[in-house]
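First up is the structure itself, then whatever we jot down about it.
The values are calculated or read from the model by the stated rules, or taken from the named source; none is laboratory data. From a predicted model like this one, the values you see are computed outputs, not experimental measurements. Positions of Cβ are backbone-derived with ideal geometry, glycine not excepted, and every protein chain shown enters the neighbour counts.
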Amino acid sequence: MLPPEQTPRRRIIELLTGTLLSSHQLAQLLGMPERQVEDHLTHIVKTIARDPSRTFLLEPSECQDCAFAFRDRTRLTRPSRCPRCRSEAITSPRYGIREQEAR
Ligand SMILES: [Zn+2]
C-alpha cells in the first residue's frame with residue numbers, strides 16, 4: 001500500500017509533465033480543492049528539485065491591467081493585488097514539469 005499522500009502527488013506530476021496547468025485546472029482534473037492541490041505542489045517542487053532529470057516550471061502570475069509579472073514571487077499561490085497599479089485582476093500562475101532529453 002502506498003501512503004495516501006503519494007497517489008495524488010504522482011497524478012499531479014504526471015499531469016504536469018510536458019505541459020502547463022493552473023492549480024484551478026489541476027483541482028478540476030483531480031476532483032480536489034485547489035488549496036489541497038497547492039499543498040501537494042509545495043512538496044512536488046521539493047521532490048523535483050532533488051531530481052536532476054526533471055525541472056519544475058513556474059509561469060508567473062501577471063496583472064491583466066498593467067502586465068506586471070510576478071517573477072520574483074517564490075510562493076506558489078496567486079497574489080491578490082498588483083503592487084504597481086493595485087489591480088486585483090491577476091492571472092493564476094501555471095505550473096509544469098520538463099523532463100530532460102535522453103542523451
Ligand atoms: Zn497592475
- prompt: Taking into account only those residues within the range 78-103 that are assigned to a strand (DSSP E or B) and closer than 25 Å to Pro8 by Cβ, which is farthest from the ligand (Cβ to nearest atom)?
  reply: Glu99
- request: Give Leu57, Leu15, Leu21 a once-over and let me know the one that is out of contact with any Pro (no Cβ under 6 Å at 6 or more places or on another chain), under 11 Å from Ile97 (Cα atoms), of a type in the set (A, V, I, L, M) and exposed (fewer than 15 other Cβ atoms within 10 Å of the Cβ).
  value: Leu57
query: Restricting attention to the range 46-70, which residues are of a type in the set (D, E, K, R) and either away from the ligand (no atom under 16 Å from the Cβ) or closer than 24 Å to Ile13 by Cβ (or both)?
result: Lys46, Arg50, Asp51, Arg54, Glu59
- request: Keeping to the range 62-103, report how many residues are at pLDDT below 95, among the polar types (S, T, N, Q) and over 19 Å from the mean Cα position of the chain (by Cα).
  value: 0
task: Report whether or not Arg75 is farther than 23 Å from Gly18 by Cβ, without any contact (Cβ under 8 Å) to a residue 24 or more places away in the chain, in a loop (DSSP other than H, G, I, E, B) and near the ligand (Cβ under 8 Å from one of its atoms).
output: no
message: Just to be sure I understand, how many residues within the range 59-69 are under 20 Å from Arg35 (Cα atoms) and in a loop (DSSP other than H, G, I, E, B)?
response: 2
- line: The one condition His43 fails out of (1) of a type outside the set (A, V, I, L, M, F, W, C); (2) loosely packed, with under 14 Cβ neighbours inside 10 Å; (3) away from the ligand (no atom under 16 Å from the Cβ); (4) over 14 Å from the mean Cα position of the chain (by Cα) is (4)
